[in-house]
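Where a number appears in this text, it was derived from the coordinates with a stated rule and is not lab data. No experiment lies behind these values; they were computed from the predicted model shown. Cβ: placed from backbone, ideal geometry, glycine included. Neighbour counts: every protein chain shown.
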Amino acid sequence: MSYGWMKGLFSVDPVVFDTREGKNVSILHAPYGGSRPHGLHPFPNARKALGGMTEEGEPCMSQPLHSQWSTWPGWSMISAMSAPGFTIWLTGLPGTGKSTLASLLQQALLARGYKVEIIDRYSLAVWLRRELHVLEDACKESSDRPGYDAFITYLCSLLSHNGVITISASVSPLRMARRYAREQLPRFIEVYLHCQDQVRDLRLQQQDRPSVIHEYLYQAPKSPELSIDTGAELPEQSALRLLEYLEQYGYIAPRWAEHRHEEQEIEIVKERLRALGYLE
């Protein structure tokens with residue numbers, strides 16, 4: 001058995017590629033044990049999103065990975081020890097503030113004790129070039145195609161099934177790709193970020209990052225859960241608005257509920273101390 005390590009993209013524990021004897025393609029094998037949960041199936045539309053690894057450690061894209069998963073013995077992944085997570089899908093043209101909002105939201109949720117990961121389209125493209133040696137031109141050509149979003153959808157599904165809140169910061173220009181993500185991710189929150197072109201252009205100039213998609217190619221969401229004009233308010237205000245939505249619809253506990261839970265725990269401890277005679 002040989003192991004390879006995925007690193008540099010997410011701050012989660014490394015994923016092990018498990019190469020079975022006599023096979024030249026690896027499967028994803030998480031080091032935590034557990035079993036494949038019901039209803040989680042690799043996405044057929046994302047068949048070329050992530051290939052296996054050969055014994056020499058080179059990417060193998062010869063066959064769809066999902067077709068091998070269904071026949072390979074010993075499938076395992078992280079055991080879900082808590083309630084399923086959910087996905088916040090930030091979509092919008094480049095320069096609308098997706099990465100900034102994702103970072104602020106992650107910090108706020110981590111402070112409340114939640115497990116949170118960000119899947120950023122730009123960071124993912126950089127990782128593919130560096131770790132899997134995918135050509136830069138190929139990344140640019142495919143990064144806004146439906147198959148690329150299907151790959152992100154699959155990653156969100158893995159994390160969500162294991163109690164992780166996933167924030168996707170992706171242009172996702174096509175409604176078809178976003179609709180597919182909504183179908184595959186039962187706890188899905190689409191957030192449409194937009195602002196005036198002058199604001200977007202200024203932000204892109206400051207970041208020295210050219211826009212990789214023309215505005216006329218972007219299909220704006222028709223009925224997102226939230227629509228935020230990031231040019232009309234501070235990023236912190238947008239993050240607060242998103243947190244209020246999550247509290248209102250039961251995705252996260254309101255702050256007052258957390259305090260009430262802490263007070264209940266304190267009362268339980270006091271009752272035990274009274275029973276032991278330490279308190280009157």
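Under a 5 Å amide H cut-off, with hydrogens placed 1.01 Å from N, Gly231 pairs with Gln196 among residues at least 5 apart or on other chains.
One quarter of the convex hull surface built on the alpha carbon atoms of the range 167-232 amounts to 5.1 nm², the projected area averaged over directions. The ellipsoid that matches the Cα gyration tensor of the range 87-248 has semi-axes, each √(5λ) in whole angstrom, of 22, 20, 16, with the longest given first. Packing-based ranking of 222-229, 187-194, 269-276, 237-244 yields 187-194, 237-244, 222-229, 269-276, ordered from highest to lowest mean Cβ neighbour count within 10 Å.
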